[in-house]
Every structure is written in structure tokens, then in C-alpha cells.
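All remarks here apply to the structure that follows.
The values are calculated or read from the model by the stated rules, or taken from the named source; none is laboratory data. Computed from a predicted model, the values in this text were never measured in an experiment. Cβ: placed from backbone, ideal geometry, glycine included. Neighbour counts: every protein chain shown. Protein only, heavy atoms only, side chains kept; ligands, DNA and RNA dropped before computing areas. Shrake-Rupley method; radii C 1.70, N 1.55, O 1.52, S 1.80 Å.
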Amino acid sequence: MLLSVCAAHSSFSAERVRAGASDLKSAYIFNFIRFTEWPELANASRSRGSAVRLNVLNDSEVHSIMQSIANKAVAKQIGLSVESCSKDSCVQGASALFIGKSDSGDYQRLLKLAAGRPVLTISDIPGFAKQGGMIEIKYHNKKLTFVVNVQAVKHAGLYISAQLLQLGEIVGRDNE
């Protein structure tokens, strides 16, 4: 009986850690969006208020947390809306796209669909930034960090704040 109680407790603790990781990952995603500028939104914000649409693929926890973030005042200021999407609809209408780890086999196709469009691509798939994604969220030394592919960001016509770039690892510089 003691073993089953311990097993239940460790299962609950593991679930809490996973939820905590998703909370932190979602906070990172929100800040990536806050510190990114889209060319069409810069002009639109002057006249009718900016709007940023985040599409989330294959990560229901992140989707749920991002929905609650979108209801906060600071997210409403940037007009953040959050949608869950299927593979074929993810790029359409998106300002930002989060691709969950469970889609690691098909993310290259989504990156090709997003190529040349002002869509900030974010994922926690290992190697995402080096393979052409814009921002990869990863764990390093038990800490959540991120990698930015500045060349992919530039090709999409986006601008990421230097403040944000100073905090992450950079790949995709012109001389690399």
C-alpha cells in the first residue's frame, strides 16, 4: 500500500513539473511575441490597433495556457489571439506558429509553407533553429533557454528586439 501511495505521489509530482514547464514555455512564447515586430502590424497599429494571432499545433497544454495569457491586459494591448490548428491550416492567418514536439516528423513541411511569410516560427523540437525554424525553446543545464535563427527571422521580414537576442543563443548569422 505504501508503494502505491508513493507511486501516486511521484506521478502527481511529475505531472506538476510538466505543467510548470508548459507554464514557463508559454511565458517564453508570449515574450517572443512581445519582442517581435511584424512589418504589416507596424503600419496597421497606427490606424486600428495591432493584432497578433498565435497558432498552436499539437500541444494542448501550451494552447490552454496561452489562451489564459491572451485574456490578460498586457496581451490584449497587442491584440493577442490564440488558436489551435491542424497541419494544413497552421500557417494561414498566423503571425506566430508554435509547433509542439509531437510533430517533430513533419515540421520541415510547415517551415516550407511559412517560408517568405512574416510568421514567427517557434518550437521545442531539438535542432529546430538550426534546421530553419526561428526560435527553439530548449533545456540546458536544467534551465529553459532558447536559440534564435537570425537568418530565418530576417528572411521572413521580422524584427526581434536586441534585448531578447542578448538573452538567447544565436545561430544563422551571415558569416556562419
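Some values worked out for this structure:
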{"item": "Neighbours by Cβ (under 6 Å, 6+ apart or cross-chain): first from region 90-104, more than 19 Å from PHE30 (Cβ to Cβ); second modelled with pLDDT under 90 and in a strand (DSSP E or B)", "result": "none"}
{"item": "Checklist (1) touching a strand residue (DSSP E or B) at 6+ places or on another chain (Cβ under 9 Å); (2) at negative phi; (3) open to solvent by 20 Å² or more (accessible area, probe 1.4 Å) applied to HIS155, failing item", "result": "(1)"}
{"item": "Close pairs from region 133-155: first under 18 Å from ASP23 (Cβ atoms), partner small (Gly, Ala, Ser), Cβ under 6 Å, at least 6 apart", "result": "PHE146/GLY168"}
{"item": "Pick from region 77-122, criterion in a strand (DSSP E or B) and of a type in the set (S, T, N, Q), ranking: surrounded by the most Cβ atoms within 10 Å (Cβ to Cβ)", "result": "THR121"}
{"item": "Test result for SER47, at pLDDT 95 or above, surrounded by fewer than 16 Cβ atoms within 10 Å (Cβ to Cβ), in a helix (DSSP H, G or I) and over 12 Å from the mean Cα position of the chain (by Cα)", "result": "no"}
{"item": "Single condition GLN77 does not satisfy, out of (1) under 19 Å from ILE160 (Cβ atoms); (2) in contact (Cβ under 8 Å) with a residue 12 or more places away in the chain; (3) of a type outside the set (D, E, K, R)", "result": "(2)"}
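Here is a yes/no grid of residues against (1) polar (S, T, N, Q); (2) at pLDDT 90 or above:
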site: GLY116; (1), (2): no, no
site: VAL119; (1), (2): no, yes
site: SER123; (1), (2): yes, yes
site: ILE135; (1), (2): no, yes
site: LYS138; (1), (2): no, yes
site: ASN149; (1), (2): yes, yes
site: LEU158; (1), (2): no, yes
site: ALA162; (1), (2): no, yes
site: LEU167; (1), (2): no, yes
